[in-house]
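Undergrad: First the structure, then my questions, so here it is.
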Amino acid sequence: MIEKIRSIESKTSLARLRSQTSLYLTMNVMREILRLKSTFLSVSKPSVFTFAVVLLVSLTLNFGVPALHADEADVLVTEPQWIQTKGLGGVSRPGLFLASDQTLYLIAKTGLYRLTDQADEWTLINSGGPNRQFDQIMAERGDALYLLTPDELLASTDRGRTWEVLGKRPKGRVVALVIADGPRERSPQHVDMTMYLVFQTEVFRSEDGGKQWVAIGESLRSDIASEEADIELRIHDAAAIDNIIFAGTNRILFVGTNRGLFRFTDDWEKVTLPTLEGVNSLAATENRLYVATISGQPEAPHCSLFYSTDFGDSWTDITPSTDEHPVKLIGTVMIVSVGDTLMVIGPGGVLLSYDRGETWKDPGRDPHAFAGRFLPVVALDENNFYKSQLSGVTRSTDGGRSWHPFVKGLVSADVQNLIADENMLYAISGGKIAKSANEGESWEAISVSNGGKLLIPRIKTTNNTLYVSSIASHRTQLLHLPVESNELVPVQGIPDFKEDNLYVEWKKRVREARETNVNVRETERLWRESLLFIAEEDTRNGGFVLAGETVFMEHRRKLFRWRPGETTWHYTGLEDQGELPPIDGKGFTLAASGNIIYAGKREGDLFQSLDNGDTWKDITDSLAFPFEYFKDIVFAGSTVYISTDTGVMRSLNSEVWQTLTDSDGNPVLMDWIAAEDATLYGVCNNGVYRVDDQTDTWRQIASEAPYAATSLAIAGEVLYIGTKHSGIFRFQHDGR
């Protein structure tokens with residue numbers, strides 16, 4: 001643990017002077033210790049060095065540094081050693097890149113990973129940091145790797161461990177980064193190379209090592225505008241082939257578009273293909289260029305595959321038989337090559353060729369096989385393929401016949417929520433739930449019994465039991481996790497809501513209109529216009545809180561109550577028609593302790609029940625200060641805390657409310673709050689705080705968090721935060 005004394009505004013000038021003197025002397029003491037270390041360790045015994053350190057620190061503490069007093073506003077803030085937990089594994093749309101030395105890299109938004117030599121897990125080699133995110137595009141030339149951020153071009157000569165900025169880059173969604181005329185010496189800034197940055201509608205070129213970029217796509221668009229002026233140009237893929245014979249070490253750039261295939265040397269030239277279809281995917285080997293055309297046109301419902309060995313001057317058709325493989329060639333397909341092996345992958349699954357397209361085999365249907373448009377597939381060798389997915393990576397170790405999730409070692413998950421119980425940490429990531437019994441070092445997935453699915457899950461714990469609400473088949477459900485189980489089961493006896501979800505309600509209206517042939521078009525139009533409202537409602541249905549065995553849950557903007565043994569949900573009389581707050585999925589804000597229940601509405605009205613929901617009282621006027629919306633309501637012991645968009649308030653008796661401030665009397669806006677026994681914690685951009693039990697004010701315990709928090713959880717002396725792209729972090733606090 002690294003400790004530093006952080007001087008904040010003092011009450012007197014003397015306190016400021018003492019603080020500055022303290023910091024000055026401490027810094028000099030540490031410098032002297034470091035100087036002594038290098039001297040003593042080279043000429044003397046370790047015990048001599050230890051004695052010198054003790055002597056210097058003793059002199060400083062007793063004579064050189066004034067004592068620190070809380071009433072002088074000098075605060076000792078311990079900088080925590082944040083630890084990134086392992087194994088949660090969710091990475092959204094990662095990039096994949098295979099270097100010339102056969103090293104496979106995975107690019108997440110906030111981290112760069114490398115496949116281990118044993119190919120058994122991913123290893124984090126560089127964290128982008130809170131102010132830098134990586135694009136999924138990577139390239140290589142000579143000894144240098146090149147990587148993009150949304151604003152810059154980066155280069156590395158140590159296999160991705162460190163990166164330097166080469167320059168700004170044009171903004172936009174990048175399809176490919178292609179580098180030609182490779183450098184002749186070990187320097188990523190060597191200017192004897194040409195870079196092409198390919199976007200969906202534009203191409204840029206740099207001839208000074210990425211410092212300046214010039215758009216060269218105007219002629220690409222204008223050359224064919226007269227032919228197909230009604231079709232907007234879209235570039236789907238790009239590749240380059242070394243033109244060793246005709247142009248030294250130059251590389252010819254090819255781009256596949258919805259208007260066909262184009263190549264660039266000194267200018268753009270349209271390449272003649274045996275078909276008029278657009279090109280969706282390209283793959284290049286040492287002497288071959290493969291193309292996969294766009295399928296789905298009425299006159300050509302299947303894609304076609306070709307290869308060229310003369311830079312596109314002539315083509316050989318290697319399209320698999322559409323009679324034998326009708327499903328595998330419909331829709332967007334991607335072509336991947338390695339050695340003599342070719343793979344075609346798309347919505348219908350995979351086709352394989354082991355003789356460069358002469359014959360094709362169908363390995364069968366695999367639900368994990370679909371990569372999705374624009375998501376990369378990389379072939380490590382003829383047997384091992386890696387494929388980016390919407391929520392991670394899958395791989396095949398049998399040449400593409402079967403696919404399996406492969407996320408071990410990835411920690412860049414998007415964490416929606418965290419809850420810490422006595423012996424367990426629960427997390428929601430990518431709409432899925434996992435649990436960890438060892439502080440996040442390993443995780444077990446939680447599934448639903450009978451193969452059920454989770455949609456927009458919410459989690460709560462009570463009496464060491466996990467409860468989950470979800471939307472399944474457009475109905476709201478509540479499940480719980482039995483002891484020593486990883487399968488959620490429905491709560492026994494819990495009824496359905498009498499009122500249908502909005503989706504089911506509209507489907508009934510449309511079906512009735514079609515059956516009676518009355519106002520069919522108008523009803524269908526209104527149905528389409530209501531889809532956004534249906535989605536919004538589903539994100540808020542199922543918000544719940546537990547008061548012992550009693551469940552309070554939101555459905556269709558109304559608050560209901562259910563107790564074991566009851567056959568229907570009881571409507572509490574609370575309905576919320578206010579404007580939605582700027583928090584995803586935020587409906588009623590609920591909290592419970594014993595028979596005391598709080599229900600905060602979207603517009604800021606607060607209702608309280610002291611009898612387990614039998615009666616309710618509007619206590620909005622007694623709150624400590626005005627605000628726009630609730631963030632959270634949390635019980636810490638017998639004290640209730642309310643976090644809002646303008647600060648946090650608390651009440652000891654549920655009647656009088658007070659503003660919670662720091663030691664200087666200033667309110668602190670918290671992103672998230674959580675309680676451990678009777679102590680409240682909060683996290684915001686300024687750091688991590690705890691309510692001091694002596695002063696009843698916010699006390700800062702960490703000056704910063706590694707990333708902006710999406711959730712907060714406390715278990716004993718371990719504090720956890722979830723992040724948007726970097727998984728879960730924890731640190732040990734002193735509990736005071």
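Undergrad: When we measure straight from the Cα of Lys86, which lysines land under 22 angstrom away, once same-chain ones fewer than 8 places off are left out?
TA: Within the straight-line limit of under 22 Å, Lys86 reaches these lysines: Lys109, Lys387, Lys408, Lys432, Lys435, Lys724.
Undergrad: In Å, what Rg and Dmax follow from the Cα atoms of segment 468-559?
TA: Cα-based Rg and Dmax for segment 468-559 come out at 16.6, 55 Å.
Undergrad: For segment 325-420, just list the percent of Cα-Cα distances falling in each 5 Å bin from zero outward, please.
TA: That works out to 2, 13, 24, 24, 16, 8, 5, 4, 2, 1, 0, 0, in percent per bin.
Undergrad: Among the GluC sites (Glu not before Pro) in segment 578-661, which ones are in a DSSP loop with at most 11 other Cβ atoms within 10 Å of the Cβ? Mind listing them?
TA: Values: sites: Glu579, Glu603, Glu628, Glu655; in loops: Glu579, Glu603, Glu628, Glu655.
Loop-located and lightly packed - Glu579, Glu655.
Undergrad: Could you sort the peptides 620-626, 589-595 by per-residue average Cβ neighbour count (10 Å cutoff), highest mean leading? Numbers along the way, then the final one.
TA: Numbers: 620-626: 12.9, 589-595: 19.1.
Descending mean neighbour count gives 589-595, 620-626.
Undergrad: Taking a cut-off of 19 Å between Cα atoms, list the lysines near Lys508, but don't count ones fewer than 8 places away on the same chain.
TA: Of all the lysines, those that pass the test against Lys508 - Cα under 19 Å, at least 8 places apart if same chain - are Lys498.
Undergrad: Now for a different question. Using modelled backbone amide H atoms (1.01 Å from N, in-plane), which distant-in-sequence or interchain residues come within less than 5 Å of Asn280's amide H?
TA: Ala292, Thr293, Ile294
Undergrad: Follow-up. Once amide H atoms are placed 1.01 Å from N in the peptide plane, what residues at a sequence separation of 5 or more from Glu152, or on another chain, have their amide H within under 5 Å of its amide H?
TA: Answer set, sorted by chain and number: Arg169.
Undergrad: Select from segment 456-561 those trypsin sites (Lys or Arg not before Pro) which occupy a DSSP coil region and have at most 11 other Cβ atoms within 10 Å, ordered by residue number. Don't skip to the answer; put the middle values down first.
TA: On the way: sites: Arg458, Lys460, Arg475, Lys498, Lys507, Lys508, Arg509, Arg511, Arg514, Arg521, Arg525, Arg528, Arg540, Arg556, Arg557, Lys558, Arg561; in loops: Lys498, Arg556, Arg557.
Answer in residue order: Lys498.
Undergrad: If you don't mind, another one. So, R0 is 41 Å and r is the distance between the beta-carbons of Glu484 and Ile125; what FRET efficiency does that work out to, to 0.05?
TA: 0.65
Undergrad: Tell me, what does the Kirkwood hydrodynamic radius of segment 561-708 come to in angstroms if you use every pair of distinct C-alpha atoms? Before the final figure, lay out the partial values.
TA: Working: mean 1/r = 0.0616 Å⁻¹.
Mean inverse Cα-Cα distance, inverted, gives 16.2 Å.
Undergrad: Once you place label points 7 Å from the Cα toward the Cβ at Thr465 and Thr539, how far apart are they in nm?
TA: Result for the modelled spin labels: 3.1 nm.
Taken together, the values in this text are just the output of simple stated rules run on the coordinates, not laboratory data. On a predicted model such as this, the values are computed, not experimentally measured, just so you know. Glycine gets a Cβ as well: all are built from the backbone with ideal geometry, and neighbour counts include every protein chain shown.
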